[in-house]
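*Asks:* First the structure, then my questions, so here it is.
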Amino acid sequence: MIEVKNINKYFYTPEKVHALKDVSTTVEAGEVVVVIGPSGSGKSTFLRCLNRLEYADEGQILIEGVDILDSKTNINKVRADVGMVFQSFNLFPHMSVLENLTIAQQVVRKRGRKEAEKKAMGLLEKVGIHQKSQVYPDQLSGGQQQRVAIARALCMDPKVMLFDEPTSALDPEMIGEVLDVMKTLGKEGMTMVVVTHEMGFAREVADRVMFMDHGAIVEVGTPEHFFVNPENERTKLFLSQIL
Ligand code: ADP
Ligand code: MG
């Protein structure tokens, strides 16, 4: 589903940062990959490259065989196919929940309003907030907003879902409801790449865990491998700090 070949990413503001160093990996269809690593290790940059929110300077990224770095590739289609959920929800504040879920369906997927609303209501039901379809995002709790954000991405029938620390901005009592929605998605066969510090989620849902440090993938393995027998010294140090 995803093939990443030797990508490098640099930032030049204010000084030169080599944010991704020759990163290569593959993600199979239906796989859940959890990315862990210290702050500043390149996890967000890696995710953002996968839907071209950041443009990798070198290398190749194929999503179902489509080279997303090719200038001929339709970037709006890539972003619809590769859904993303952010730490900070990023809902449109001036639109109702329902409008948040229908706008891109109409503009990017060219669906009629009725069809888009039907799809939206079905997905709101799936994430357990269909009774809130007419309210504005600021009338919802953080956990509800994040579930709306997940439903919004799912409205596009994405091939892949990316999650960048989706529960890090939530009050503790709301983390579970968002993780439950993600768990269900993973079990249903959605291809997912998830940056998170929720090690319970990693243990239970991940097919593979990927540890990043200083812009590189340092170690990849099953959750059992990571939580029982990590090999790399930096992995061991990181896990000892967060577990
Ligand atoms: P993580 O998500 O693991 O905390 P990031 O991918 O956000 O790490 O950052 C990786 C590195 O790239 C860090 O050194 C960070 O400061 C730098 N970086 C990320 N985004 C930008 C940007 N837009 N401009 C400049 N530097 C950035
Ligand atoms: Mg980050």
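*Asks:* Looking only at residues that are more than 30 Å from GLU188 (Cα to Cα) and of a type in the set (A, V, I, L, M, F, W, C) in the range 19-36, which one is surrounded by the fewest Cβ atoms within 10 Å (Cβ to Cβ)?
*Replies:* Once the filter is applied, the top-ranked residue is ALA19.
*Asks:* Just one of LYS9, LYS77, LYS16 is within 11 Å of ligand 1 (Cβ to nearest atom), of a type in the set (Lys, Arg) and surrounded by 13 or more Cβ atoms within 10 Å (Cβ to Cβ); which is it?
*Replies:* LYS9
*Asks:* Could we say that VAL218 is at pLDDT below 95 and open to solvent by 30 Å² or more (accessible area, probe 1.4 Å) here?
*Replies:* Criteria not met by VAL218.
*Asks:* Among the residues of the range 131-171, count how many are part of a loop (DSSP other than H, G, I, E, B) and either touching a His at 6+ places or on another chain (Cβ under 9 Å) or of a type in the set (S, T, N, Q) (or both).
*Replies:* 7
*Asks:* In the range 81-103, which residue that is among the small types (Gly, Ala, Ser) and surrounded by fewer than 19 Cβ atoms within 10 Å (Cβ to Cβ) is nearest to ligand 1 (Cβ to nearest atom)?
*Replies:* That would be SER88.
*Asks:* Right, another one. Over 15 Å from ILE63 (Cβ atoms), more than 13 Å from ligand 2 (Cβ to nearest atom) and modelled with pLDDT of 95 or more - does that describe any residue in the range 28-42?
*Replies:* yes
*Asks:* Which residue pairs have Cβ atoms closer than 6 Å, lie 6 or more positions apart in sequence or on different chains, and pair a first residue in the range 48-73 that is buried (at least 17 other Cβ atoms within 10 Å of the Cβ) with a second residue that is part of a loop (DSSP other than H, G, I, E, B) and small (Gly, Ala, Ser)?
*Replies:* Filtered contacts from the range 48-73: CYS49/ALA56.
*Asks:* Being in contact with an Asp or Glu (Cβ under 8 Å, 6 or more places away or on another chain) and within 14 Å of ligand 1 (Cβ to nearest atom) is the filter here; which residues of the range 19-50 pass it?
*Replies:* GLY37, PRO38, SER41, LYS43, SER44, THR45, LEU47, ARG48
*Asks:* Okay, moving on. Looking only at the range 176-205, how many residues end up being open to solvent by less than 10 Å² (accessible area, probe 1.4 Å), aliphatic (A, V, I, L, M) and in contact (Cβ under 8 Å) with a residue 40 or more places away in the chain?
*Replies:* Residues that pass the stated criteria total 5.
*Asks:* A further question follows. Among (1) among the hydrophobic types (A, V, I, L, M, F, W, C); (2) more than 16 Å from ligand 2 (Cβ to nearest atom); (3) part of a strand (DSSP E or B), which single condition is VAL181 missing?
*Replies:* Here VAL181 meets the rest and fails (3).
The values are calculated or read from the model by the stated rules, or taken from the named source; none is laboratory data. Keep in mind it's a predicted model, so treat the numbers as computed, not measured. Don't worry about glycine lacking a Cβ; one is built from the backbone with ideal geometry, like all the others, and counts go over all protein chains shown. Areas reflect the complete protein model, heavy atoms only, side chains present, ligands, DNA and RNA absent. Shrake-Rupley method; radii C 1.70, N 1.55, O 1.52, S 1.80 Å.
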